[in-house]
């Protein structure tokens, strides 16, 4: 059994609560490079939720070559989004975060 360090409490004067920071992940990544696993997970989020804005994410991060998991995983998440009639990423940007400066010249239609 592998022992893991417990989160240590950190007090921040500007925060009303004590925050916890992990000194070590409480699990092992399948890939020896955790950044690749995190990159693939972020790619999956981009593919399912960001619509045409995913290309801006890829241009910014350079993660496209990491992939986004298998087609079944993506299809299941995309189906969840469709079944629950989730709003588009454009809607989110217009209504929730309208102040975000998006380079519109980088958008590529995915229709």
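What tally of residues in the stretch 41-63 results from selecting those that are over 13 Å from the mean Cα position of the chain (by Cα) and under 21 Å from residue 29 (Cβ atoms)?
1
Give the stretch 81-111 a look and list any residue that's part of a loop (DSSP other than H, G, I, E, B), under 13 Å from residue 52 (Cα atoms) and at pLDDT 85 or above, or say none. I'd like the intermediate steps shown before the answer.
Initial filter on the stretch 81-111 (part of a loop (DSSP other than H, G, I, E, B)): 84-88, 96-103, 107-111.
Remaining after also requiring under 13 Å from residue 52 (Cα atoms): 88, 102-103, 107-111.
88, the sole residue that qualifies.
A quick yes/no check of all residues on (1) closer than 25 Å to residue 103 by Cα; (2) exposed (fewer than 10 other Cβ atoms within 10 Å of the Cβ); (3) modelled with pLDDT under 85:
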residue	(1), (2), (3)
11	no, yes, yes
19	no, no, yes
54	yes, no, no
58	yes, no, no
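Please verify whether the stretch 32-46 includes one or more residues that are modelled with pLDDT under 90 and on the phi > 0 side of the Ramachandran plot. Quick ask: steps written out before the conclusion?
We begin by selecting, within the stretch 32-46, every residue modelled with pLDDT under 90; these are 32-41.
Right, trim to on the phi > 0 side of the Ramachandran plot and you get none.
Scanning the stretch 32-46, I find no residue that is modelled with pLDDT under 90 and on the phi > 0 side of the Ramachandran plot, so the answer is no.
Counting only residues that are in contact with a helix residue (DSSP H, G or I) (Cβ under 7 Å, 6 or more places away or on another chain) and not in a loop (DSSP other than H, G, I, E, B), which one in the stretch 62-72 is surrounded by the most Cβ atoms within 10 Å (Cβ to Cβ)? Working first, answer last.
Looking only at the stretch 62-72, we keep the residues that are in contact with a helix residue (DSSP H, G or I) (Cβ under 7 Å, 6 or more places away or on another chain), and these are 63-64, 66-69.
Those still in the list that are not in a loop (DSSP other than H, G, I, E, B) too: 64, 66.
Working: 64: 15, 66: 20.
Result: 66.
The values are calculated or read from the model by the stated rules, or taken from the named source; none is laboratory data. It should be emphasised that the depicted structure is a prediction, and the values quoted were computed from it without experimental measurement. Positions of Cβ are backbone-derived with ideal geometry, glycine not excepted, and every protein chain shown enters the neighbour counts.
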